[in-house]
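J.: Attaching a single structure in C-alpha cells format; questions to follow.
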C-alpha cells in the first residue's frame, strides 16, 4: 500500500523526480519507489534527496507520512 510522504507531495507540486535522479545519481525508478513510500530512503539516499530538493530541515522529515492537508500523521 502506498503512503503519502512529504517528499511525494513536493514532487507532485514541482515535478522533480527526474531532477532528483539526475542530481543524486539514484535511478529514476528507485526515486519513484522512495517517493511513493515503497522503498526506504536509507540515510545516504535520504540525505542526497533532501539536498537535491533544497530541504533545510532534518532529511527524515521528508519521508514522514502526511495527511491530505500536508500535516504530519
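Please treat every number below as a calculation from the coordinates, not as lab data. The structure displayed is predicted, hence computed values, not measured ones. Glycine also receives a Cβ, built like all others from the backbone with ideal geometry; neighbour counts cover every protein chain displayed.
J.: Given [x] 16, 43, 29, 9, 3, 0; [y] 22, 61, 16, 0; [z] 19, 47, 22, 11, 2 as candidate values of P(r) over Cα pairs in 10 Å bins from 0, in percent, which corresponds to the one derived from the coordinates?
T.: Recomputing P(r) over Cα pairs in 10 Å bins from 0, in percent here picks out [y].
J.: Would you calculate, for the chain, the mean residue ellipticity at 222 nm contributed by helices, counting each DSSP H stretch of 4 or more residues as -39,500 (n - 2.57) and dividing by all residues, to the nearest 500?
T.: Estimated from H runs of four or more residues: -14500 deg cm²/dmol.
J.: At R0 = 22 Å, how high is the FRET efficiency between residue 38 and residue 13 if r is their beta carbon distance? Nearest 0.05 is fine. Kindly include the intermediate steps, with their values, before the conclusion.
T.: On the way: r = 20 Å, r/R0 = 0.91.
With a Förster radius of 22 Å, E is 0.65.
J.: Here is a further query. Hey, what did the chain get for relative contact order, percent, Cα under 8 Å, at least 6 apart? If you can, show how the numbers build up before the last one.
T.: Values: 77 pairs, mean separation 29.1, N = 73.
Reported as a whole number, the value is 40 percent.
J.: Next question, about the same structure. How much length is gained if the chain between residue 27 and residue 67 is pulled fully straight, taking 0.36 nm per residue apart and subtracting their Cα-Cα distance, in nm to one decimal? Please report the intermediate quantities before stating the final value.
T.: Values: separation 40, 0.36 × 40 = 14.40 nm, distance 2.72 nm.
So the extension gain works out to 11.7 nm.
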